[in-house]
Amino acid sequence: MAILLLVVGSIAWSLALRPRASVDASALQTLPTHFGSWTSEDVPLEATVESILQADYNFQRRYRHAFGDVVWVYFGYYGTARGGTPEHTPRVCFEAQGWQIEDHEIVAVDRALRVNELVVSLDGEEHLVHYWFRSFRKTGLRGGFDQLLDHLVGRLLHDRADGSLVRVSTRIENGDRASARSLLVAFDASFDALLAANWPREVPMDQDGDLNRVSGAR
């Protein structure tokens, strides 16, 4: 027990002595607004919403397919200093805005990406929502223990525990959930690949001790 406590204490002490890093989110500025048959436009977040989310970098976009399909995307990045995790999950946010959660399950997009799927409704309108968490190490984190473990391993091995929330949604037309799911599954895979190629960097804190320097942050 004494040896175990000594080891744990040594690890905690070494983590505390490591220089903290600030976020360089400039790579996200190069994230394509157009890919494949999808084009997009930015939809600014309300100032009150941004203050609640407290992300190091975030954006909201409306993507439109050449065939007319529309997908809404929210992406929020949280650096290690912010704990790598948003304070509010989509489920909580939807319920706070009056939406009813009609169904919730896990959907496998591919071998690496598994997402939370929600069916939400308000005033007779249904939307299908997919959301997941991504870190610099892996994607398809669904929140909870898997996210906590990923942050712990990243902190111990790489001194990083940054992460993000990805939420995509589309309207369910005529109760056809299968078509909406097919649309989002294809979109999820493409969009997650873009995030992997444009993931932010964390850089050593500058000599002035500026912990909050975020390049290109919104």
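The values are calculated or read from the model by the stated rules, or taken from the named source; none is laboratory data. From a predicted model like this one, the values you see are computed outputs, not experimental measurements. Virtual Cβ from ideal backbone geometry, glycine too; neighbours counted across all protein chains shown.
Any residue in the range 75-100 that's farther than 15 Å from L45 by Cβ and among the hydrophobic types (A, V, I, L, M, F, W, C): show its pairings with residues that are surrounded by 22 or more Cβ atoms within 10 Å (Cβ to Cβ) and modelled with pLDDT of 90 or more at Cβ separation under 6 Å, as long as the two are six or more apart or on different chains.
Matching pairs, first to second residue: F94/V120; W99/V120.
Scan the range 171-184 for residues that are in contact with a His (Cβ under 7 Å, 6 or more places away or on another chain) and not in a loop (DSSP other than H, G, I, E, B) and report the count.
2
Looking only at residues that are assigned to a loop (DSSP other than H, G, I, E, B) and touching a strand residue (DSSP E or B) at 6+ places or on another chain (Cβ under 8 Å) in the range 21-41, which one is modelled with the lowest pLDDT?
Looking at residues that are assigned to a loop (DSSP other than H, G, I, E, B) and touching a strand residue (DSSP E or B) at 6+ places or on another chain (Cβ under 8 Å), I get A25.
How many residues are in contact (Cβ under 8 Å) with a residue 60 or more places away in the chain, more than 21 Å from Y77 (Cα to Cα) and either loosely packed, with under 14 Cβ neighbours inside 10 Å or of a type outside the set (D, E, K, R) (or both) if we restrict to the range 146-183?
Summing the residues that are in contact (Cβ under 8 Å) with a residue 60 or more places away in the chain, more than 21 Å from Y77 (Cα to Cα) and either loosely packed, with under 14 Cβ neighbours inside 10 Å or of a type outside the set (D, E, K, R) (or both) in the range 146-183 gives 3.
Checking A193 against (1) among the hydrophobic types (A, V, I, L, M, F, W, C); (2) out of contact with any Asp or Glu (no Cβ under 7 Å at 6 or more places or on another chain); (3) buried (at least 19 other Cβ atoms within 10 Å of the Cβ), only one condition comes out false. Which one?
(3)
Can you name the condition, by its number, that F145 falls short on among (1) within 11 Å of the chain's Cα centre (by Cα); (2) aromatic (F, W, Y); (3) more than 14 Å from P90 (Cα to Cα)?
Every listed condition holds for F145 apart from (1).
Criterion first (out of contact with any Gly (no Cβ under 9 Å at 6 or more places or on another chain), surrounded by 13 or more Cβ atoms within 10 Å (Cβ to Cβ) and on the phi > 0 side of the Ramachandran plot) does G98 satisfy it?
So G98 does not fit the description; no.
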